[in-house]
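One structure is given below, encoded as structure tokens.
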Amino acid sequence: MASYRDLPGDSTVWIYQSSRELLPEEVNGINEASCDFMLNWAAHGTALKAAIELFYDYFIVVFVDEKSAKASGCSIDKSFQFIKNIESAYELDLLNRMVIAYRDDIGIQLTRIDKFEQLIQEGLVTENTIVFNNLVNTKSDFDSKWEVLLKDSWHRRLL
């Protein structure tokens, strides 16, 4: 399995945020399952140049270099099914887009978007709070715009 660092900047990215911090044994299990999945992941019979990596024990990120082989509907469906299987195996929610991840002095925090807006109103979250912009869709954007100040992300509309 390739490292995401070896993929070009225009590689496609899908970010799945966990509903809770993953335990070390879960991280190991997900990494093993990811390696197994990657061995057989293909589009129209052509192996995809791709990587699945975990970040901060909260995020499963799928990267695909679509220059070498374009991810087809079937291959995207297979990756989605892989994520659904991870959800089921580890009792996670990886698809809830109503939960925002941000950093505070303690570490990474997760909160529903309505609670996040309340934290902004209370001054506990500011334009300088680091947020995770899970809407990025290329590796270049992941590297430079995924973990950013709130004021530099789509989250700024909540200010």
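A short reminder: the numbers here are calculations on the coordinates, not readings from a lab. Nothing here was measured: the structure is a model prediction, and the numbers come from that model. When we count neighbours, we look across all protein chains shown, and the Cβ atoms used for this are built from the backbone with ideal geometry, even at glycine.
Here are some notes:
- The stretch 99-158: relative contact order as a whole-number percent, Cα under 8 Å and 6+ apart: 30 percent
- Residue list for the stretch 107-132, given a label point 7 angstrom along the Cα-to-Cβ vector of Asp152 and an amide N cut-off under 18 Å: 126-132
- The chain, helix-only ellipticity at 222 nm - DSSP H runs n ≥ 4, -39,500 (n - 2.57), divided by all residues, nearest 500: -10000 deg cm²/dmol
- Nearest-20 debye value, the chain charge dipole, Cβ charges on Lys, Arg, Asp, Glu: 560 debye
- Likely footprinting exposure, Asp104, Asp57, fewest C-beta neighbours within 10 Å first: Asp104, Asp57
- Annotation: amide H-H contacts under 5 Å for Phe59 (H modelled 1.01 Å from N, sequence separation of 5 or more, or interchain): Ser18.
- Lysine pairs in the chain whose alpha-carbon atoms fall under 20 angstrom of each other, counting only those eight or more residues apart or on distinct chains, come to 9.
- Residue order, fewest to most surrounding Cβ atoms within 10 angstrom, among Asp10, Asp65: Asp10, Asp65
- Calculated from backbone phi, Karplus (6.51, -1.76, 1.60) coupling profile of the stretch 112-125 in Hz, x at Gly/Pro: 5, 4, 5, 5, 4, 4, 5, 4, 5, 4, 7, x, 7, 10
- Compared with the dominant Cα axis of the chain, that is its longest principal axis, helix 24-40 is turned about 40°.
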